[in-house]
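Reading through the structure tokens given below for one structure.
The values are calculated or read from the model by the stated rules, or taken from the named source; none is laboratory data. Since the model is a prediction, treat every value here as computed from it, not as a measurement. Neighbour counts are summed over all protein chains in view; Cβ atoms, including those assigned to glycine, are modelled from backbone coordinates with ideal geometry. Remember, those area values only see protein heavy atoms, side chains included, never the ligands or the DNA or RNA. Shrake-Rupley method; radii C 1.70, N 1.55, O 1.52, S 1.80 Å.
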Amino acid sequence: MGTLISVLLLVGGLVIGMPIPYAFGGAVLWITYFFDFSSSTLLASGYTQINSTILLAIPLFVLAGKVMEKGRIGDALIGLVERFVGRLKSGLGAVAVITSAVFGSISGSASATLSCIGALMEPRMTKAGYSKGYTAALLAAACPLGLLIPPSSAQVLYAWSSGTSVLACFTATIVPGLILVALLCTVNAVMCRKFDIVQVPKESFSDWGHNTIKATWRAIPAMIMPIIILGGIYGGIMTATEAAAISVAYAIPCGIFMYKGLKGDGLRTALTESSCTTGVIMVMFFMVMIFSKLLTMQNIPAQIAQTLLSITDNKYLILLMVNIFMIIIGMLMDDTSGILLSTPILLPIVTGIGIHPVHFAAILGVNLGMGNITPPTAPMLYLSGRVCGAKINKMLKPTMIFIIFAWIPTLLLTTYLPAIATFLPKMLLPNLF
């Protein structure tokens, strides 16, 4: 009974808009009081769990994302992608999707991707004839690509909390991420037929080549960043934490000297905002890990598994119910807290029915990303509305179309075709399987 009330307090707090650390803190206080647990033991346990070197990658990736946002690095990426697909009628929408994937591969954050790419793409798309509601819906649907295209800070968290290889988790989400990019671009192309899009004026082949070379040259410093990070990690030269530190060391001079976006207060603003974000994340880590430990001490994961098996022993139906649970989690909270809460509860259940933890990394990423944009309590959907100045009621119809025809097929393929998630990890890390 005490555990049920604590879960209800958590869900109620999240629904009414309480800050996530406070919602988890309230649930922790209640369950600690009800079961008379030792607070000093729980505090020590929470500290021990977050005292991990790999978690240093999170604030460093957060800082790298902020530096990219303030340093106009995203603008260079948009300019390059626009040279290749921007001339199609649906080109600007494809630019928004592809740039979100590229930016997300560096920042590793859905919110950072949406804040940066949304602020840059919304004026261009509105001027070209896209409605604000559609633009905001498309950007919201594309921003969770930061959860899938590596290096993703969300996958660093999953690897840490599940004891899985970070490299394996990174590679597990690449193919699902590329499938989602292709589906979002396809759905966008179909939907753009009804819009009166102002297309980019045609230019001669020589002018196109000249301008493309200029855009490529300008974007090279930005494109080198993911090459350094991923090449270092996949090549075994550096860990994810070291790669995150190098990404910061590389992004700051790029933003100052090459793209000139960090001059004046730009760098100070990036440092201040990333510090505030990191502080909130670490407090949230602390509370979520204590809450997860309390649930484990109450044997909640085993009880959930037993309940599911009492309903059905069919592996595919259990996976369907797990997916629904994760989507609901993604609707209520951000990707970070969703991963920290879901992993200790659901990982024993899915491994018990034969799902490999590396496969589950991709399932978790797609589910939480979809939950983040699924109404009625979709955090990324509301953030996109604020960034683009769009009304939520104008965003709902296109958002549901993107969910039905892009996100759900990606989710089903990732869940029920394990090779999509495990093909690359098996090639790079065969000893894990």
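Numbers below:
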read-out	value
Interchain or long-range residues, amide H under 5 Å from Leu262's placed H	Ile256
Inter-label distance for Asn299 and Thr351, nm, one decimal - labels placed 7 Å from Cα along Cα-to-Cβ	1.9
Mean shadow area of region 270-331 over all directions, Cα convex hull, nm²	5.8
Stretch gain in nm, segment Phe257-Arg124, where the contour uses 0.36 nm per residue and the Cα spacing is subtracted	45.3 nm
Charge dipole magnitude, Cβ of K and R +1, D and E -1 - the chain, Cα centre, debye nearest 20	1180
For region 33-63 versus region 111-126, the gap between their alpha-carbon centres in whole angstrom	34
Reduced Cα scattering model of region 1-81, Debye log10 I(q)/I(0), q = 0.11, 0.21 Å⁻¹	-0.54, -0.98
Alpha-carbon centroid distance for the pair region 355-378 / region 212-290, whole angstrom	24
Net charge, Asn211 excluded, C-beta distance under 12 Å - Lys, Arg +1, Asp, Glu -1	+1
Helix 153-162 vs. the chain, principal-axis angle (Cα, 0 to 90°, nearest 10)	20
Simple spin-label estimate for Leu56 and Tyr416 in nanometres, 7 Å along Cα-Cβ	4.5
Among Thr241, Thr343, Thr41, residue whose mean-square fluctuation peaks in a GNM of the chain (springs only between Cα atoms under 10 Å)	Thr41
Backbone HN-Hα couplings from phi across region 391-404 [Karplus 6.51/-1.76/1.60, Hz, Gly and Pro as x]	7, 4, 5, 7, 8, 5, 4, x, 4, 5, 5, 5, 5, 5
Candidate residues Arg386, Arg268: accessible-area rank, largest first, probe 1.4 Å	Arg386, Arg268
Surface accessible to a 1.4 Å probe, Cys169 within the full protein complex, Å²	0
Accessible area of Glu203 in the full protein assembly, 1.4 Å probe (Å², nearest 10)	60
Theoretical ellipticity at 222 nm over the chain - DSSP helices of four or more residues, -39500 (n - 2.57) apiece, nearest 500	-25000 deg cm²/dmol
Highest-fluctuation residue, Ala64, Ala23, Ala110 considered, GNM on the chain with Cα pairs under 10 Å	Ala23
P(r) histogram, all alpha-carbon pairs of region 328-398 included - 5 Å bins from 0, percent	3, 17, 23, 19, 14, 9, 7, 5, 2, 0
Alpha-carbon Debye profile of region 275-433, log10 I(q)/I(0) at 0.12, 0.16, 0.18, 0.21 Å⁻¹	-0.61, -1.03, -1.20, -1.36
Isotropically averaged projected area of region 309-368, using the convex hull of Cα atoms (one quarter of hull area), nm²	3.8
